[in-house]
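Have a look at the structure below, then the notes.
Derivation of every value follows stated rules applied to the coordinates shown; laboratory data play no part. The shown structure was predicted, so the numbers you read here are calculated from the model rather than taken from an experiment. In this analysis, Cβ positions are derived from the backbone assuming ideal geometry, glycine residues included, and neighbour counts consider all displayed protein chains.
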């Protein structure tokens, strides 16, 4: 099972969260009424926006402590058997198996809008599946791709510096690759039209997480835009003493 909750960006957490052992489907109407749970359909597909209205009793203490400490207000739950719901938390439930052939890409836009709206309103969103490894990671990578313009591999590398277990299954990786480019740009445009310019510095936050040696892509892009000196420019601006050293076979030690 994953590593609890990991903060990826301000207002965005990735992890595993198993509040109860029994699934939503095994709860009868009386149990759901007793613990104040109800669901209401909102949007397309199988996803459901859910709000719980009363305090429940069947909760995992460790997970609840993490929710409280991180001030989680919204949860994206990607699981075949979503758990009963917690008080004062807004849910987006996605019933989806962790299999390569599962179509997770069709849920990207809804999940991305849900997460972004939460962050813009000052909330904190947890994206979780059973273990916090594959399904939830895939959705978080898709969101970060949209708000940063980085590639899926760059985003995944950055996330792994915080959460090493992050590992979408091969089918989900393929869907992330297909999502990059025009599809991600389309969702990015949708966010801007609906919510305005983002106030977050997400790209800088994610780039700061990239492992040493992964800056090459950014430097190459910067050189094309004239933001980073190209190799020949760097040679022409070598320090004076370095050029002297190349001219003479030896120079006083004090000048080295």
Query - Order of 182, 6, 136 under a 10 Å beta carbon neighbour criterion, fewest first - result: 182, 6, 136
Query raised in the report: Once you put a point 7 Å from the Cα of residue 64 and another 7 Å from the Cα of residue 161, both along the Cβ direction, what distance in nm separates them?
Result: 3.6 nm
Query raised in the report: Label-point separation (nm) for residue 71 and residue 178, each offset 7 Å from Cα along Cα-to-Cβ?
Result: 3.9 nm
Query raised in the report: Which shape class applies to segment 142-203: rounded if a/c is under 1.5, otherwise prolate when a/b exceeds b/c and oblate if not, where a ≥ b ≥ c are the square roots of the Cα gyration tensor eigenvalues?
Result: oblate
Report summary line: Fewest-first ordering of 119, 160 by Cβ atoms within 10 Å yields 160, 119
Report summary line: For residue 149 and residue 106, extending 7 Å from Cα along the Cα-Cβ vector and measuring point to point gives, in nm, a value of 3.2 nm
Report summary line: Counted neighbours (other Cβ, 10 Å), sorted fewest up, put 93, 185 in the order 185, 93
